[in-house]
Every structure is written in structure tokens, then in C-alpha cells.
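For reference, the structure discussed in these notes is given below.
The values are calculated or read from the model by the stated rules, or taken from the named source; none is laboratory data. These figures come from a predicted structure and were not determined experimentally. Here the Cβ positions follow ideal geometry from the backbone for every residue, glycine too, while neighbour counts run over all protein chains shown.
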């Protein structure tokens, strides 16, 4: 099979994998949000003055108390002030009777009927069996909904009326229109494309609350506005396309009480102030009433404001329906053309040109594709899938580059030569497979640093012949190296009789590196104990060691001179671990760890080890004191496994 055919298969497989893992959609959401944010900062759109929010804000609650203590006569009083408004949408659920004032519901319903242009919301039941009264309420709701024109088929999501909870019967009958309040978010919890139109299995249309308000404001029934053939909404000369019942938002809004930020605030008046204003203030306005007070749970994050309230999102939906230029997804044929060009151009370039020319031309091609997508967004009000062509281009470019097997093999040889002396064989092979994790240029990384040192080594070396010292040190360091590598540690260096090891580099995310370091230290002590028994039987001196461990951020990578480099770690974490080792002699303990190590490791080790609080110490070069702990394996847990397999995160696929 020719190389280009293998590359095509590889590109398709990579794109399918990234799409299956959700990477394509996640990246596209991020890129699209970045466009909205840049647009809001570079070319902000003022919010239409025709839409106004009457906010139940902090000021209102301070003067009138919590909503649950209100009589619904307050809403009747507000509607009297809003009698000249073009439409009023009260974004509050009234599914339960007014317990504070039995007359409140009747007064409110009368005011709604008298006004004649009030829209109320309904919402979904919370997954429970309905009572007889509740079933009757859903039947009344069904009668209130418009019907799909006979012979017309709408490709919009289905909904079951029986799953929605309408307002009180008196309010349901009095309202000019109803709409469901529930809004769908994207998988990341951000609201970008709400479904504003659904249909039931019985042919009833279910508009979103904001769509119902827009229809009332225009003096039209939903059936008059809906264009079934093109699945769009027509308000006068204005056509708003729907994508399967979904409205892709033109994002322009931020919170009204946010002094600075991206987007434009919705004109807002406090509820308590609106009660005393002249009706002329609201003449010809589309008024939404809803909560914006601190602590409201109705939060609807958008690309411009992660704290936008529900009533403000509804205002943005209405603005998109009636005033703002509509955005819509790029047609599928054009999107596929962009993806095909992005994948095939690098494939052809790397097959026909040398590496340098192909690379420069490939970058030029992706730049041209980016310009086309930007033009579609800024000039045509289209929403392309930004990530799919970029990922197709990246996949094609990388796969063609990976065909340079000689370079790849050379890199593998270099990595083996660099790491095989101080990294366990299985980790060396892991680095060979994923050379990017080697961080050869140096990175900041969270690591656990272990130092061990032989006590009174100077006296020992002076009192014994060199041959014995070398023999015992070889045996000792061999055992210590095995203990380090058995727990996926990296043997950083031998400093005379001292050992420095790192835990964390090349390990998967989520690994409890503190637990690995402690398990490794305990194995070092156990191996030394066996060594001492053998040496004692042979009449040789025995060793006592002190081990310290600390965890934190360090600079990790190949560090050194032009002539010689070594994979190591630098920084305060290393310095503190080294200084703690000197304290093992003062505390007369073989293993001393910092508070950070203890708190992380005990999550995994549980009661297999015992931590003894030795108090705080002042370490040279640090202003803050350090709390330290002695560590030892519990006798009753001596048979419990501390092998590396039990301490690494589960792969989830075994």
C-alpha cells in the first residue's frame, strides 16, 4: 500500500478518534467562544433599547423582603405600571398557590387577563408520578398550545406535555401565551444554542418562553410566525433560521450589574423602583421580569459571561429573534470541503516536495483556510466548525512527518542512551514511545524528592580499607537503586554516599507520587536491614541511614553544560528535601517526611503506615516553619502490599 494511502487511513482514524473522545467538539467550542469574546471587545454591539428587564435584585429584596414572603398582588401592582408595555414576560414559576395571601392569585390572574399581553413560563416535572390534579393541569396546558399546520412536518425535537408543570389554572387561562422555561446547555455547561421550538407527538407546538414573548410582542401567533417549509421564523421582513428547532445565538450580553466586562448590559430597572414609575416609562417596551439578586440559582453561563442570569439569557434570545443579525452553522457541504482541503494539501505537499518547502507550504495552506473561516464568521455571519479543519490539517501534517523513520529511530536511540542509566527499563520504554514526556528542555512539574544518606559515613570510610568500602557501597547502592526503580522512581544521582531520587516524571496524571516515594523509602529500609544481617554474619560493618521526602514544584529536565547534561530537578522543593534529610539525625528517625507528603500519601496508604507528628522546624533559607512527620510501617499491616501496581491510578480499561 502506497504511503499516501496509509496516511489517508491514518488521518481518518485520528479524526474519528478525536471526534469520539470529544476533542473536536471541545476545541471548536473553545475557538468559537474566543471569537465571540474578541468580537465583543473589538466590535461590541449595543443591546436593543426595546427590551427591558424589571429585576428582582438585591435592592428589591432589602425593601420588600424575600420573594417567598410576597403576596402575588405585588405582581398585579407591577402589571398596572406595565400596562403600556408591548409584551411582558414574567420569568418566574407560579405552579403553587399563594400561601401568604389567599387573594393574591386571584388579583394577579385578573391583572394578567386585564393586561392582555403577558407570557408565563412552565417547566419540567422532576421525574415523579403525577397526582390527579397535576394530570388535569397538564391537560389544560395541552389545550393552550398551538397546533402544527395540517400536512406539515417539522424536524424539531419532541417533548411530552405530560412532563411539564404549567402555572396555576387561573394564571394559565389568563396568560396571553405560555412557553417552557428550561434551556439546554452544551456539555461544558455553557449556553450557546438553545432549543426554542419543540413539538409533541399529538402535533402541538411548544415554544420556548422567549419565543412566546417575541410572538406576543409582534402581535402574532406562533403558527403565523413559523415557516414550516424552511424551518424559520418570520417577524415582518425579518427571517430567523432555526437549526432543527435550535437558535444559534449572536452573543452580545453581560450582566447588568457587572461594571466592566465583555458584552453589553441589558437595560434594567429594579422591581421596587418600577412599582412607582409612570406607565409611560415602559410604553412600547418588551419587559421581562425575573430574579437577578445575589444568590439566585438561575445562572446561565455564556461565552461572554459565566454568571449571566436566566432572565438576561431570555432577553438575549429575544434580541436574537427580533433585532440582531442571525448566525447559522456553515452548510455541511462547505464544511466537508474545508476539512478535505485541510487534510489533502499537506498530504500532497509532503509527498511531492522536500521537508522544508512542504512544511512552509503546509503552514501557508492552513493560514489560508483560517482566513476563509474568519471571513465566513465576520462577513457572512456563518459559524464554521473551526476545529475540524485544523485537526485534519494537524493530523495530515504529523502523519506525513512520522514517515521519516530514520529520524524517529535516532531519537529513540538518544533517549535510551540518556535515560537507561537512572530510569527503570519499563519507564525507558515508555519514554521511547512518548518522547514528548521527556521534557528535555526543562519544565515546571510537581515531583516528590527523596534524599538518603549513610550516617557517620566519614568515620566508616576512614576506619575501613578502600576495598571493603567499595564492596559495601556497591552492594548498598545496588539495593537502593532497585528500591527506587521498583516504585517508578528516577535515580537522579549519587552524591558520595547519598542517594537522590525523583518520583513523578513520566508517570500518568493522578499518580500519588508521595505514596510511591514513601513505599520506595520503606523498601530501602527493609533492603538495608537484610543487607545488615548478611554483613553482620560476615563480620562486616553495618549501615544506618536517614531518608527524607518532600513534594512540590521543581524545574525538571536535562540540565547542565554544553559538554555534559543530566536529567535532574532544581528548585526550593529539592533544597527543602535535602535539608530535611539532615534533620533525621536530630530526631533520631530513619524516615522523615513533610506535611505535604503526609497529607497526599495517606489517601492511598491508609493505615498501612503510621505517621508520627514531630512538630515544626525552621529550615535555613525558608521563612515559614515546616511540619515534619516520622514514618514507619505498622506491624499489623506488615503483610499488606505496597507494590507499585497498587499505588498507580487504575487505567480503567483492564
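Some points to look at:
- Qualifying residue in the stretch 569-588 (condition: in a strand (DSSP E or B) and in contact (Cβ under 8 Å) with a residue 12 or more places away in the chain): yes
- Any hit, the stretch 352-361, residues being within 30 Å of the chain's Cα centre (by Cα) and either in a helix (DSSP H, G or I) or closer than 30 Å to residue 234 by Cα (or both): no
- Here the condition is being under 25 Å from residue 185 (Cα atoms) and surrounded by fewer than 21 Cβ atoms within 10 Å (Cβ to Cβ); of 255, 238, it holds for 255 alone.
- Filtering 330, 308 for residues that are surrounded by fewer than 21 Cβ atoms within 10 Å (Cβ to Cβ), touching a residue at least 24 places away in the same chain (Cβ under 8 Å) and either in contact with a helix residue (DSSP H, G or I) (Cβ under 7 Å, 6 or more places away or on another chain) or not assigned by TED's automatic domain parsing to the domain that holds residue 213 (or both) leaves a single hit, 330.
- When we screen 470, 423 for residues that are modelled with pLDDT under 70 and either crowded, with 18+ Cβ neighbours inside 10 Å or closer than 30 Å to residue 536 by Cβ (or both), the only hit is 423.
- In the stretch 498-528, the qualifying residues are those that are within 11 Å of residue 600 (Cβ to Cβ) and part of a loop (DSSP other than H, G, I, E, B), and the one that is farthest from the chain's Cα centre (by Cα) is 512.
- Residue 255 in contact with a strand residue (DSSP E or B) (Cβ under 8 Å, 6 or more places away or on another chain), over 26 Å from residue 385 (Cβ atoms) and not assigned by TED's automatic domain parsing to the domain that holds residue 145: yes
- Annotation note: of 561, 578, 548, the sole residue that is at pLDDT below 90 and assigned by TED's automatic domain parsing to the domain that holds residue 470 is 561.
- Selection from the stretch 155-183 of residues that are in contact with a strand residue (DSSP E or B) (Cβ under 8 Å, 6 or more places away or on another chain), surrounded by fewer than 19 Cβ atoms within 10 Å (Cβ to Cβ) and over 30 Å from residue 97 (Cβ atoms): 157, 158
- Any hit, the stretch 12-34, residues being farther than 30 Å from residue 109 by Cβ, surrounded by 14 or more Cβ atoms within 10 Å (Cβ to Cβ), at pLDDT 95 or above and in contact with a strand residue (DSSP E or B) (Cβ under 7 Å, 6 or more places away or on another chain): yes
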